[in-house]
Amino acid sequence: MPERPTDADPRPPSSDGPSSDGPSSDGPTNDGPSNEALFARACAVTPGGVSSPVRAWRSVGGTPFFVARGEGPWVWDVEGRRYLDLIASYGPAIHGHAHPKIVEAVVAAAADGSTFGMPTEREVLLAEEICSRVPGCEMLRLVSSGTEACMSAVRVARGATGRDRVVVFEGCYHGHSDGLLAGGGSGVATLGLPASAGVPAGAVADTLVVSYNVVPEIGDDVACVIVEPVAANMGLVPPVPGFLEGLRKACDAAGALLVFDEVITGFRLGPAGASGFYGVTPDLWCFGKVIGGGLPLAAFGGRRELMSQLAPLGPVYQAGTLSGNPLATAAGLASLSMLDAGAYEELGTRVARLAAGMAEALASAGVTAQVPVAGTLVGVFFAGEPVTDYAGAKASAGTGRFPRLMHGLLDRGVAIAPGAYEILFPGLAHGPEEIDAVVEAVAEVAGEMAPS
Ligand SMILES: *Cc1c(COP(=O)(O)O)cnc(C)c1O
């Protein structure tokens, strides 16, 4: 097992075990394989032992735990340890785990058949629901992952404009398709990769990577600018005032399309996502995570005239065997049905409570940190000033403090994503009591970190 990286703190990590809010035995009993044993087996049959790279804990050290089950804000590992889960599948589990309404919807759907390759009513209902919540999004198509949504939105933009060039922002993440990985955040940043081997130069020849929060020059060869309206894959970096408005103007002036990648912000920041929250309307949207209610489902959409470029109406091809999957649409509809104005208000209140508590805990321990908030989104940086771009996010990660925070929290039964470039995902299952337990754990961990 790799050593955990530590920061300059000379004190050893806490060894007094979990607090009363932490691991407990009221979950699965420890009669199956251990985390270590499962990870060893996993590593033998899948690269790094995981289905997605950040899950391997490479940047934070240690052995990942294997989840046996989840319920509400909690997950239990195969050894019976319980964690307050702020990973929440990186966003989809906004209602917590195994929400009865979602479980019921999925079970009922499964009993009626799980895939047909023929149209179903719930696809219509979900598309109607999404379009009715997001002004300007007139048509959409369902896909199975955010990667597909972004890839397809860019294809529509290129098809509609007859141009090839795509502008992306350093530190944003739009999935792992060839042309969009350049300069990416999330796992690409976590692993310190420039982009990826296996991506031919030709695939990124038309991708222009520029700095987040600065409106770039847009040439008349640009098909689209794709942006996370709130960057949430390099930690949380909100747009500075005027950035999104500036992008809208610059795209209009150049005849380029503006694509909002709302895979994280969509239906989390509010009923109309970031476009509603900031009052800037893109030409195309990418959705994912929350809209699938925990099942593989994503979507891209936009103005009718643009989406009409898609086959069978137009020349832009896109397809998917499991697109609009009956189980996924059932989960998505159940999830959205619980996301009314009151839910967002409640989530905002909890996020504010968490952010204020964390900021106070870190500050009073003398740990230099930022706890950025954008509506219902929250992150943490080890920085003296608010972070506005990828360089700032990298500097924060470079302090080496994140692994200490993550493992310290884990020792206290709080799970946050194992990468310095991920945000926290408190959801509607995290009540005030759970939020306060997280804050208390942060205070304890901060107390063990060297002031900085
Ligand atoms: C997660 C994410 C994606 C990719 O979605 P997958 O479902 O993992 O393919 C794309 N864009 C953003 C902003 C994301 O956070």
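Summary of computed values
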{"read-out": "So Gly332, is it on the phi > 0 side of the Ramachandran plot and open to solvent by less than 10 Å² (accessible area, probe 1.4 Å)", "value": "no"}
{"read-out": "Residue list for region 88-119, filter: more than 16 Å from the ligand (Cβ to nearest atom) and crowded, with 18+ Cβ neighbours inside 10 Å", "value": "His95, Gly96, His97, His99, Ile102, Ala105, Val106, Ala109"}
{"read-out": "One residue from Glu345, Glu360 being outside the structural domain of Gly171 (by TED's automatic domain parsing), closer than 30 Å to Ala105 by Cα, more than 16 Å from the ligand (Cβ to nearest atom) and not hydrophobic (A, V, I, L, M, F, W, C)", "value": "Glu345"}
{"read-out": "Hits in region 375-390 - residues which are touching a strand residue (DSSP E or B) at 6+ places or on another chain (Cβ under 9 Å) and either of a type in the set (Asp, Glu) or open to solvent by less than 40 Å² (accessible area, probe 1.4 Å) (or both)", "value": "Leu377, Val378, Gly379, Val380, Phe381, Phe382, Ala383, Glu385, Val387, Asp389, Tyr390"}
{"read-out": "Meets criteria (more than 10 Å from the ligand (Cβ to nearest atom), among the acidic types (Asp, Glu) and closer than 12 Å to Cys224 by Cβ) for Asp283", "value": "yes"}
{"read-out": "Filtered residue count, region 279-300, keeping only those that are within 19 Å of Met338 (Cα to Cα) and assigned to a loop (DSSP other than H, G, I, E, B)", "value": "6"}
{"read-out": "Which numbered condition Ser152 fails, given (1) hydroxyl-bearing (Ser, Thr, Tyr); (2) closer than 20 Å to Val280 by Cβ; (3) surrounded by 22 or more Cβ atoms within 10 Å (Cβ to Cβ)", "value": "(2)"}
{"read-out": "Residue check for Asp85: more than 15 Å from Val290 (Cα to Cα), open to solvent by less than 20 Å² (accessible area, probe 1.4 Å) and touching a residue at least 60 places away in the same chain (Cβ under 8 Å)", "value": "yes"}
{"read-out": "Residue tally, condition within 22 Å of Leu306 (Cβ to Cβ), touching an Asp or Glu at 6+ places or on another chain (Cβ under 9 Å) and open to solvent by less than 10 Å² (accessible area, probe 1.4 Å), over region 231-260", "value": "5"}
{"read-out": "In region 148-173, residue nearest to the ligand (Cβ to nearest atom) [restricted to those that are closer than 16 Å to Gly301 by Cβ and of a type in the set (Val, Ile, Thr)]", "value": "Val154"}
{"read-out": "Members of region 391-420 found to be of a type in the set (Ser, Thr, Tyr) and either under 20 Å from Gly70 (Cα atoms) or open to solvent by 20 Å² or more (accessible area, probe 1.4 Å) (or both), listed by number", "value": "Thr399"}
{"read-out": "Any hit, region 309-321, residues being open to solvent by less than 10 Å² (accessible area, probe 1.4 Å), in contact with a Lys or Arg (Cβ under 9 Å, 6 or more places away or on another chain) and within 16 Å of the ligand (Cβ to nearest atom)", "value": "no"}
{"read-out": "Among the candidates Val50, Val67, Val78, residue that is open to solvent by 50 Å² or more (accessible area, probe 1.4 Å) and at pLDDT 95 or above", "value": "Val67"}
{"read-out": "Single residue of Thr368, Thr349, Thr376, Thr399 found to be more than 23 Å from Ser52 (Cα to Cα), among the β-branched types (Val, Ile, Thr) and without any contact (Cβ under 8 Å) to a residue 40 or more places away in the chain", "value": "Thr349"}
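Here's the yes/no breakdown for (1) within 16 Å of the ligand (Cβ to nearest atom); (2) in a loop (DSSP other than H, G, I, E, B); (3) modelled with pLDDT of 95 or more; (4) within 20 Å of the chain's Cα centre (by Cα):
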| site | (1), (2), (3), (4) |
| --- | --- |
| Val209 | yes, no, no, no |
| Pro216 | no, yes, yes, no |
| Ile226 | yes, no, yes, yes |
| Val259 | yes, no, yes, yes |
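Conditions tested, residue by residue: (1) within 16 Å of the ligand (Cβ to nearest atom); (2) open to solvent by less than 20 Å² (accessible area, probe 1.4 Å); (3) closer than 26 Å to Pro426 by Cβ; (4) part of a loop (DSSP other than H, G, I, E, B).
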{"residue": "Val263", "(1), (2), (3), (4)": "yes, yes, yes, yes"}
{"residue": "Leu269", "(1), (2), (3), (4)": "yes, yes, yes, yes"}
{"residue": "Phe277", "(1), (2), (3), (4)": "yes, no, yes, no"}
{"residue": "Leu306", "(1), (2), (3), (4)": "no, yes, no, no"}
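The values are calculated or read from the model by the stated rules, or taken from the named source; none is laboratory data. The model shown is predicted, which means the values in this text are computed figures rather than measured ones. Cβ atoms come from the backbone with ideal geometry, glycine included; neighbour counts cover every protein chain shown. Ligands, DNA and RNA are stripped out before the accessible areas are found, and what is left, the full protein with its side chains, is counted by its heavy atoms. Shrake-Rupley method; radii C 1.70, N 1.55, O 1.52, S 1.80 Å.
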